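So the structure is just underneath, and the comments pick up after that.
We did not get these values from a lab; they are worked out from the coordinates using the rules stated. Just so it is clear, the model here is predicted, and its values are computed rather than measured. Cβ placement follows ideal geometry from the backbone for every residue including glycine, while neighbour counts extend to all protein chains displayed.
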Amino acid sequence: VFSRAPGEVSPDAAIALAVGGSLELPNWATCLWPRPRRLRFESERFFECPRAIAVQCEPAFVGVARLFVKWLRELSGFVDDVVLKVNGDWDVEELVTIRLLVDSSTFSSTREEYRLVIGSEGIHVVGADAAGLFYGCCTLEQIIRLRCDAVEDAVLAAKSSLSLALGTISDAPSLPRRGVMLDISRHRIPK
């Protein structure tokens, strides 16, 4: 059980706010999996995502960025164009909607931890390593997909912008190793 800081809400309520809803938990909000450890959102302020999205990343992590861009391009209705900008391949004055960074110095753990910040100027996904960046992108993709799925009317989606509640999500693995136990004593063993 985690204690909540002032302004922090339950994971279910935070997910509902993140996708532009109210504190009432919609049926699809439980689809964000795995549940992040820390969620903090502002209920009154939103980031209006433009229809053309620019994703910026460092050259070493272009593989994660390409996968994330592929996911965004699969969304219909809210997103018209997604452009990948690798450091050195973009203009400083250009507005970048989503920045993907790796910075292990800002985290207590160094493995698979990430922080996802939805701010008024854009979205930042910072990972402690490449795996953390990947998991942060997975969480952001789920939130965007849940928000898109919430609007059932395709005509309404074509006229509206994607709005996400301003906030922060932080997550890290609970255990240093993951494993699976296969109990073959309870089932037939092929000969």
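Peptide packing for 116-123, 163-170 was compared via the average number of neighbouring C-beta atoms within 10 Å per residue; ordered from the highest value, the list is 163-170, 116-123. Protection proxy ranking for 58-69, 127-138, using the average of other Cβ atoms within 10 Å per residue and placing the highest first: 127-138, 58-69.
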